[in-house]
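Before any comments, here is the structure.
The values are calculated or read from the model by the stated rules, or taken from the named source; none is laboratory data. In this text, all values refer to a predicted model and were calculated from it rather than measured experimentally. We place every Cβ from the backbone using ideal geometry, glycine too, and count neighbours over all the protein chains shown. When the accessible area is computed, the model is the full protein with side chains, heavy atoms only, and any ligands, DNA or RNA have been set aside. Shrake-Rupley method; radii C 1.70, N 1.55, O 1.52, S 1.80 Å.
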Amino acid sequence: MNPRIAGVRLSMLFHLYRVRLRSHAVQELLAGSGIAIGVALVLGVLVANTSLTSSAGQLVHQVVGKARLQLASRSQEGFDQRLALQAQHLPGVRVAAPVLRENVAVIGPRGQVAVQLLGVTPAVELLGGFGTKDFGPGGFRLAGGLLLPSAAAGAIGARPGDRLTVLGFGSSHTVPLGAVLSSAPFGAVASSPVAVTPLSTAQRLTGLTGRITQILIEPQPGAEGLARRELQRLAGGRLDVLPADNELRLLNQAARPNEDSTELFAAISVMVGFLLALNAMLLTVPERRRFVADLRMQGYDWRQIVVMLAFQAVVLGLAASAVGVGLGDVLSQVFLHRVPAYLRTAFPVGTQEILTATTILIALGCGVLATMLASLSPVLDLRPSRPTDAVLRDREGGSEVISHRTTAWVSLAGALSVIVIVGLVLADPDLTIAGGVALALSTLCAIPGLFAVLGSGLRWMAERVRSSALIIVVSELRATTTRAVALAGIAALAVYGSVAIGGARDDPLRGLDANFTEYLRTADIWITTGGNDLTTNNFAVDRADLNEIASARDVASARIYQGGFLDVRDRRMWIIARPIGDQPLLPASQLVHGDRRRASELLRTHGWSAVSNGFASENHLRVGDRFSLPTPTGETEFKVAAITTNLGWAPGAVIMGTADFHNYWKTEDPTAVEITVRPGVSVPAARDEIAATLGDDPGLKVQTFAERQAQYADDSRQGLQALSQIATLLLIAAALAVASALSAAIWQRRARLASLKIQGYDTAQLWRALLLESAIVLGVGCAIGAVFGVCGHALASRWLRLHTGFPAPFSVGLPTVFLTFTLLAIIALSVISLPGFAAARAPARTSFQE
């Protein structure tokens, strides 16, 4: 028995849609492509925005296994390994597994990769961590070698049995690759930058003999509180007792600015993607209205027609959205899913993509909802007062014309909405995401008014310029139609999103470049362990070599710089310990509160530091206030000399003198050596001489100020790569959507173009007219989108400064606006040139077939 829906057989619904596809296949294909592009944008951004912490959560839980607590070091030097044995015998403790975690670099046949080295013992097998169940009953049998994830091994071209070079703490060691962890059994570990090895091997590679940085604790059942108290007694105020998965909490806080900024731009992109799909579907409305009129004349009632329209919308929406989901998945993997470089500095964050059913359903829902909403317009023709054949008699599309009164009211509503949106966002920055979406919608309100003004100008120009193409364009744009507004709206949304996102991305880049330039300009030459480390990796330097460098003829001075990361509650703070000879001690462009000259004097004395504004706000600190830090020697009190931005490290930073760092961290190992050369000396020549003094050990890297500045600039851009990719993807997707929509609109007008041939116009004239009209429509949309995009950029940039703590000085960025405008126009016009030419070649008899 054939099922029925509202009195219409399901087979009839399929039959009618097949008939439509046969007669309007190109139109439906173009509409579907617009929907697919919009859905791809939605899914790609959503996946990129959710994968980072999700994959990190999987990694952390794989590493800690059944552990619930940990005893953690407050410095790279760690603590005595014998504490693990003492912890094992504490009341309430079932398993105590020692771990050494240090940042190293591994060099293979085809390159170098930075990883976090994890030195473990067989005790970790009792916790079920690191996927030890997959090693078999023998547990770890690495024979002193490394276990590398497949992602890291593939990056350096390493295979089991290869000899690899490990760079750690300023020295290099050779170690065999014992095994490669594939993604099938090991999940997130296989795509994360970690390397697992026996504890003794890790201690040899880092030079930390008898030291560990962490003890993972599994308490006895029901005895977690007792175990925690006993561990705190053992820690003695010099170590941290934390949840075993505390790394994830720290990562969530560190990644929050990236996620918040990506969330802001993802919301804009998702909305733009949805509207692109909606506008693509709206271009099919004139033909669907004629379809409704045909059905009414054949005797179908309004319920049956609504069911048919809804069925066709759902089928088209699902089919196009399914294609969009596949395309979006590819885009997220190839372009969007990249871990910010600054996070890799302190966390072993992997690149595993997390594609959830919820994300797929949201993307599919956007596509189907767009098609359903676009189908509401033909439903309005079902009003009893509407003549059955009114649309069929409207051969010139008069019913699609927007009246002057409507244009005026819509323009006024758009202007008022912008004022209200800006006012609300300035009053409450938390409304920035909603404000950005509302501002994008407001761009559509400004388009009819600009079209009305442009139409008058074109008519005036046509009276004075003899151009067949211009005459055709004036006749087509003599009135503002919903079709023209929809086409311009796609371009406006594309430019709006690209300008707002691209501009807000460029602002923090300028701020970070200024910050790191001031941070690095204290020295002409830097000696570090290299890599993307924010100068936080310790190394042992031969004092004889250091004295030889300092006394060299071309060297004016050599100073030891120290630093590292310190976990302060839920923040992994960047500790910057400046030697007193540095000029300047504080970056002037990053100062938020305080006097730079006075603060620099205080930092050269005992007990003063500068803190970032996020940390200061959280702890209600002002200049001169006291606060404490959990240093390796215990809780230590400092006074606030100044308040800065976060200096490019999202959780925040603390600047102090090296004397305080040496006193409270109890280490003389530098994380860098700063060298100032004498006036008139060639810096590259001095660099080469210093490198020769240090020898050919790859564990240390000698860089000039310019070289290290370029490295930091590259890292900054990687940290904001997600925003760059979203802006680029939005522009490309929107340009293709514009081209698709314009192509669909041009194809629909073949009959109109054919009728113009009867009037004496040839193919070349019609083709030029189509390109000119398309350029005008694009120009209207792009102009509106650029103006509103700059406004959105200003609001987003302000939000970034307030919510992330990153330096983000606002600048209009006219080159970015112009480049966005130009790229969209070039892509769209290039794509439509061929279908435009095909439509212009339509024979005159086509006008009698429609």
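Points worth noting:
- In nm, spacing of pseudo-spin labels at R233 and A514 (7 Å Cα→C-beta vector): 5.5
- Working from label points 7 Å from Cα in the Cα-to-Cβ sense, the A764 to A588 distance is 6.3 nm.
- Packing-based ranking of 504-517, 679-692 yields 504-517, 679-692, ordered from highest to lowest mean Cβ neighbour count within 10 Å.
- Taking a ≥ b ≥ c as the square roots of the eigenvalues of the alpha carbon gyration tensor, region 735-850 is prolate, as a/c is not under 1.5 and a/b beats b/c.
- Each label was represented as a point 7 Å from its Cα along the Cα-to-Cβ direction; for A556 and H662 these points are 2.2 nm apart.
- Net charge over other residues, Cβ less than 11 angstrom from the Cβ of N646 (K, R count +1; D, E count -1): +2
- Where a label projected 7 Å from the Cα of T209 along Cα→Cβ would reach, residues of region 70-87 with amide N under 11 Å: none
- Cα gyration tensor shape of region 613-678, rounded if a/c is under 1.5, else prolate or oblate by comparing a/b with b/c: oblate
- Model label zone, H620; criterion: amide N under 12 Å from point 7 Å along Cα-to-beta-carbon; scope region 562-597: none
- The slack in the chain from L380 to L772, taken as 0.36 nm per residue of separation less the alpha-carbon distance, amounts to 137.8 nm.
- A simple count of charges around A202, restricted to other residues whose Cβ falls under 9 Å of its Cβ and scoring Lys, Arg +1 and Asp, Glu -1, yields +1.
- Calculated FRET efficiency for the pair A319/A413, C-beta based, R₀ 25 Å, to 0.05: 0.10
- For peptides 640-648, 313-321, sequence by mean Cβ density within 10 Å, most packed first: 640-648, 313-321
- Close amide H pairs (under 5 Å, H built 1.01 Å from N) link D162 with L177, residues at least 5 positions away or on another chain.
- Nonlocal amide H pairs with Q70, under 5 Å, H built at 1.01 Å: I217, L242, A244
- Per residue, in Å², the accessible surface of region 623-667 once ligands and nucleic acids are set aside, probe 1.4 Å: 29
- Across region 758-767, coupling constants 3J(HN,Hα) worked out from phi with the 6.51/-1.76/1.60 Karplus curve, θ = phi - 60°, read 4, 7, x, 7, 9, 4, 4, 5, 5, 5 Hz, and Gly and Pro carry x.
- Accessible surface of region 732-809 [probe 1.4 Å, protein heavy atoms]: carbon and sulfur percent: 66
- For W608, residues with placed amide H under 5 Å, excluding near neighbours: K639
- Förster-model FRET efficiency, 30 Å R0, A544 and T174, C-beta, rounded to 0.05: 0.75
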